[in-house]
Amino acid sequence: MTDIRKHIELWFGSVARTLYHHRIKTLLLMAICMGGLFTQLPKITIDTSTEGFLHENDPTLLDYNHFRDEFGRDEMIIIAIKPPEVFNLGFLEKLQQLHEELEENTPYLDDITSLINARNTRGEEDELIVEDLLENWPETPEALADLKKRVLENPMYVNLMISEDATLTTIIIKTQSNSSATNGYLTDAENSNVVNTVRTIVKKYEADDFRTWIAGSPVVTHFLKQALLKDIRKFMVLAMLMIIITLYLMFRRPAGVIFPILIVILTLLSTLSLMAVFGTPIKLPTQILPSFLLAVGVGAAVHILSMFYHHLRTSGDKEEAVVFAVGHSGLAVVMTTLTTAGGLLSFATADIAPIGDLGVFGSIGVILSLLYTIVLIPPLLAIFPVKVEEIKAQGHKTTLMDQVLTRIGHIAITYAKPILVFSAMITMLSLFGTLRIHFSHDVLKWFPENNPIRQASEMIDHELRGSVTFEAIINVGEENGLYEPEMMNKIEHSTQELETLDLGNVFVGKTIALSSILKEINKALHENQQQFYHIPQDRELIAQEFLLFEMSDSDDLEDVVDSLFSRTRLTLKLPFVDAVAYEPIMQQIKQHLEDTYKEVDVTITGMVTILFKTIINVISSMAKSYITAFVVITILMILLIGRVRIGILSMAPNLFPIVLTLGVIGWFNIPMTLFTMLVGSIAIGLAVDDTIHFMHNFRRYYDESGCAEQAIMQTLHTSGRAMLVASCVLSIGFFIFMFSSMNNLFDFGLLTGITIVTALLADYFISPALLIVYQAYLKRVTPQPVPKFARSAH
């Protein structure tokens, strides 16, 4: 195994020498290849929709798409308005103006409903009349009082167009399901166009006596995208600035800053270009990819440049320093790249589409950063002028970093056993903390408490009993099967039974079904008498009443039933809360549907179903990715080190920061969200990088000296320096997410940054302590000379 590693190192050195001598050809060829790839960059798109979390072939998404194709989009924009008095002529006139302006100017509009045009079904002699509620405008106080009475007595209006206490009214906007520009569904950009138009129009009417709130999942989606774009720009600028500062403090020379920055920029542009080529949009989880690649892409360049300047101080030969640096660090950076890519690639099979995208393109980006580092650094160093004499003169100076690393080495070697005991105690405490972890997918809570969209959504959920929908499609399987009184009775029973479900933070605020329309018709055809607000028990009468409704020029039936009267939707309005909180109420809803509709097919879909399916997929996907990442990285560590026992042992300093971070999540009651779940698999891939560099160099120096203590000190003063810089760059790159306006990204940045810092400390203290203790153990149990034994152990 040692001979194989030496041959690989010699090969890397040979490649570096070839690239050094053919610098112009190499740079030109790379420029041509990357230039062609970068032409695809403008095609990159963004998708922040809730359904974007699911793969295209996910059964839940397929059911949702079938539903949208048949009944249109279930998502709605809700504009809540609070005047001093709803049933006031002046307010109603202003409401009408707003309604009409929205109707005329909102793009992709499918339907708009408010008290102005709410369906008013009534009978006049033998005629069924379906008209707008304010078809006849009230002119007197008596007429306004009668209007108020009719509105509050109509179950279809309450908690949909008016609150139970009549202090709020709404305008509900539904957009087209399909995009006018593509063959697919309404695009993210088109949704944003709708939301921006609505907000602009509503803002003109805002006043002290006309307070407005805008909510609904299309609005939340739009503002998530806005926050995403804003944060991406901010993170990239901050990450770049922090990387430049850190690199300058490390190398104190232009090449040490310019080359790594060039590598990460090329890596980022190439990865985004490949996403554009394969039509993969940037989604909520993949928004971390640019900042992630900026931070991670620096690592390999830092290690090679660090060894280059270290060797140049002693040799004074630039070419030999390049060959030595690439030969010395080539294998290690390849292994660190593979472990980081392995940690990310564990996401590739995730049931959450953007997590899978992050796994695929994140790992591709990491590998590209390695390729660019190996191929571009040698020719760039060949061309770039380096002041060799100045660097040689600095070779014997003792810096503050040298003093700190020396002190760390002495502590790790002298107090090896106490360090391991203390680490074990922290690990046990963290493991107890993991028992307190709770899962969450609360999109609204991603926004700060003072965010207008979060406040509007929470207010509307409270006052109007929900803003997102659960849909059940009831398929009786035969034409006109919904005319049967037995089936209509079951649907009516469901609306009444399900509307009583209330589990505190989650409840069914309203039910909308075909049976409600039928009761309206029946009442209207019986001289508008309230006692006839029920389901007729005659099949022919039901068919006749629906026919009369269709002949009244109303198209409202199209929204709830198919043309054959064989399939109908049952809509439940629920609050927009944590997806985990939906589980108990969804179980009750499903049980009711199974018990009630035993002989017909019922399909469950809608936005609530997608939110719930997302968190279920996240939990199962992350469990698989954690296991996959651990197994893959352990195998790679064994291959690098060359011995199974030590390969497994070396995973201790890698698992320590992960367990510690999970303990922090549990003890500090941080929700385990879609983003915090990413920390483990990402961090284990990053944390192992330092361990690989440490073990790789320790093995080299131990083979030379036969002394573990000396090898540890040499490792700290060579790779230890680069590990410090790389970890600083990585941790700062993630701590930058704490500047996000989104709570989920703040937690992700904080936890990942803590994990990386902890991983560095583990490699500075736990790794040396393990080697010292393990070597002492082997000396006691093995009679042969230590150098032979130790060679097989590291």
Return yes when ARG721 is open to solvent by 10 Å² or more (accessible area, probe 1.4 Å), under 22 Å from TYR309 (Cβ atoms), assigned to a helix (DSSP H, G or I) and in contact (Cβ under 8 Å) with a residue 24 or more places away in the chain and no when it is not.
yes
Residue pairs qualifying under the 9 Å Cβ cut-off, at least six apart or on distinct chains, with the first in region 539-564 being touching a residue at least 24 places away in the same chain (Cβ under 8 Å) and under 21 Å from GLU124 (Cβ atoms) and the second being open to solvent by less than 90 Å² (accessible area, probe 1.4 Å) and among the polar types (S, T, N, Q), are GLU545/ASN522; PHE549/THR121; SER552/THR121; SER554/THR121
Looking at VAL644, is it surrounded by fewer than 18 Cβ atoms within 10 Å (Cβ to Cβ) and at pLDDT below 70?
yes
Hey, THR197 touching a Pro at 6+ places or on another chain (Cβ under 9 Å), in contact (Cβ under 8 Å) with a residue 12 or more places away in the chain and crowded, with 21+ Cβ neighbours inside 10 Å or not
no
If ASP165 satisfies every condition in (1) in a loop (DSSP other than H, G, I, E, B); (2) open to solvent by 60 Å² or more (accessible area, probe 1.4 Å); (3) within 30 Å of LEU61 (Cβ to Cβ) but one, which is the exception?
(3)
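If you check THR511, THR495, THR500, THR469, which single one turns out to be out of contact with any Gly (no Cβ under 6 Å at 6 or more places or on another chain), assigned to a strand (DSSP E or B) and either free of Cβ contacts under 8 Å to residues at least 40 places away in the same chain or not aliphatic (A, V, I, L, M) (or both)?
On the way: THR495 fails: assigned to a strand (DSSP E or B); THR500 fails: assigned to a strand (DSSP E or B); THR469 fails: out of contact with any Gly (no Cβ under 6 Å at 6 or more places or on another chain).
After ruling out the rest, the residue left standing is THR511.
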Only one residue in PHE748, PHE694 is more than 23 Å from HIS7 (Cβ to Cβ) and either touching a residue at least 12 places away in the same chain (Cβ under 8 Å) or surrounded by 24 or more Cβ atoms within 10 Å (Cβ to Cβ) (or both), so which one is that?
PHE748
Inspect all residues belonging to region 472-487 and state whether any of them is of a type in the set (Val, Ile, Thr) and more than 24 Å from HIS534 (Cα to Cα).
no
When region 474-524 is examined, which residues are found to be closer than 12 Å to LEU572 by Cβ and among the aromatic types (Phe, Trp, Tyr)?
PHE507
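Every residue in region 202-248 that is polar (S, T, N, Q) and under 30 Å from GLU93 (Cβ atoms), please.
THR212, the sole residue that qualifies.
Just wondering, is there one or more residues in region 464-485 that are among the charged types (D, E, K, R) and at positive phi?
To start, the set of residues in region 464-485 that are among the charged types (D, E, K, R) comprises 465, 471, 478-479, 484.
From the residues that got through so far, the ones that are at positive phi too are 465.
Yes: region 464-485 contains one or more residues that are among the charged types (D, E, K, R) and at positive phi.
Can you tell me which residue within region 733-743, out of those that are open to solvent by less than 50 Å² (accessible area, probe 1.4 Å) and part of a helix (DSSP H, G or I), is farthest from LEU405 (Cα to Cα)?
Here is the first cut: in region 733-743, the residues open to solvent by less than 50 Å² (accessible area, probe 1.4 Å) are 733-734, 736-737, 740-742.
Now restrict to residues that are part of a helix (DSSP H, G or I): 733-734, 736-737.
Details: GLY733: 23, PHE734: 24, ILE736: 26, PHE737: 29 Å.
Result: PHE737.
When you look at ASP188, is it closer than 17 Å to GLY216 by Cβ and open to solvent by less than 30 Å² (accessible area, probe 1.4 Å), yes or no?
Details: closer than 17 Å to GLY216 by Cβ: yes; open to solvent by less than 30 Å² (accessible area, probe 1.4 Å): yes.
Considered against the rule, which asks whether it is closer than 17 Å to GLY216 by Cβ and open to solvent by less than 30 Å² (accessible area, probe 1.4 Å), ASP188 comes out as yes.
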Say whether the condition of being closer than 30 Å to PRO218 by Cβ and surrounded by 22 or more Cβ atoms within 10 Å (Cβ to Cβ) is met by at least one residue in region 531-543.
no
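Filter region 751-770 down to residues that are of a type in the set (A, V, I, L, M, F, W, C) and open to solvent by less than 20 Å² (accessible area, probe 1.4 Å), then give me how many there are. Can you show your working first?
So the first thing to find is which residues in region 751-770 are of a type in the set (A, V, I, L, M, F, W, C), and the list is 751, 754, 756-757, 759-762, 765-766, 769-770.
Of the ones still in play, those that are also open to solvent by less than 20 Å² (accessible area, probe 1.4 Å) are 751, 756, 759-760, 762, 766, 769.
Of the residues in region 751-770, 7 are of a type in the set (A, V, I, L, M, F, W, C) and open to solvent by less than 20 Å² (accessible area, probe 1.4 Å).
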Residue in region 128-139 that is hydrophobic (A, V, I, L, M, F, W, C), in contact (Cβ under 8 Å) with a residue 12 or more places away in the chain, within 21 Å of LEU557 (Cβ to Cβ) and not in a strand (DSSP E or B) present
yes
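Each row is one residue, and each column tells you yes or no for (1) among the acidic types (Asp, Glu); (2) farther than 22 Å from GLN176 by Cα; (3) surrounded by fewer than 20 Cβ atoms within 10 Å (Cβ to Cβ).
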site	(1), (2), (3)
VAL560	no, no, yes
ARG569	no, no, no
ALA579	no, yes, no
GLN588	no, yes, yes
ASP595	yes, yes, yes
Name the single residue that is modelled with the lowest pLDDT among those in region 616-641 being surrounded by fewer than 23 Cβ atoms within 10 Å (Cβ to Cβ) and in contact with a strand residue (DSSP E or B) (Cβ under 7 Å, 6 or more places away or on another chain).
SER621
Residue that is least open to solvent (accessible area, probe 1.4 Å) [pool: residues in region 236-284 that are under 17 Å from LEU724 (Cα atoms), β-branched (Val, Ile, Thr) and without any contact (Cβ under 8 Å) to a residue 60 or more places away in the chain]:
VAL257
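Given the options ASP317, ASP357, name the one that is over 16 Å from the mean Cα position of the chain (by Cα), more than 24 Å from ILE261 (Cα to Cα) and either surrounded by 24 or more Cβ atoms within 10 Å (Cβ to Cβ) or not aromatic (Phe, Trp, Tyr) (or both).
Answer to the check: ASP317.
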All conditions in (1) crowded, with 20+ Cβ neighbours inside 10 Å; (2) in contact with a strand residue (DSSP E or B) (Cβ under 6 Å, 6 or more places away or on another chain); (3) among the polar types (S, T, N, Q) are true of THR221 except (2)
Can you find even one residue in region 153-176 that is closer than 22 Å to HIS462 by Cβ, in contact (Cβ under 8 Å) with a residue 24 or more places away in the chain and in contact with a Phe, Trp or Tyr (Cβ under 6 Å, 6 or more places away or on another chain)?
no
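When you scan region 206-216, do you find a residue that is open to solvent by 10 Å² or more (accessible area, probe 1.4 Å) and closer than 30 Å to MET401 by Cα, even just one? Talk me through it step by step, then tell me what you get.
Restricting attention to region 206-216, the residues satisfying the condition of being open to solvent by 10 Å² or more (accessible area, probe 1.4 Å) are 206-209, 211-214.
After this cut, where a residue has to be closer than 30 Å to MET401 by Cα as well, the list is none.
There is no residue in region 206-216 that is open to solvent by 10 Å² or more (accessible area, probe 1.4 Å) and closer than 30 Å to MET401 by Cα.
The values are calculated or read from the model by the stated rules, or taken from the named source; none is laboratory data. What you see is a predicted model, and the numbers here were worked out from it, not measured in a lab. No Cβ is skipped: glycine too gets one built from the backbone with ideal geometry, and neighbour counts run over all protein chains shown. With ligands, DNA and RNA removed, areas are computed over all heavy atoms of the protein, side chains included. Shrake-Rupley method; radii C 1.70, N 1.55, O 1.52, S 1.80 Å.
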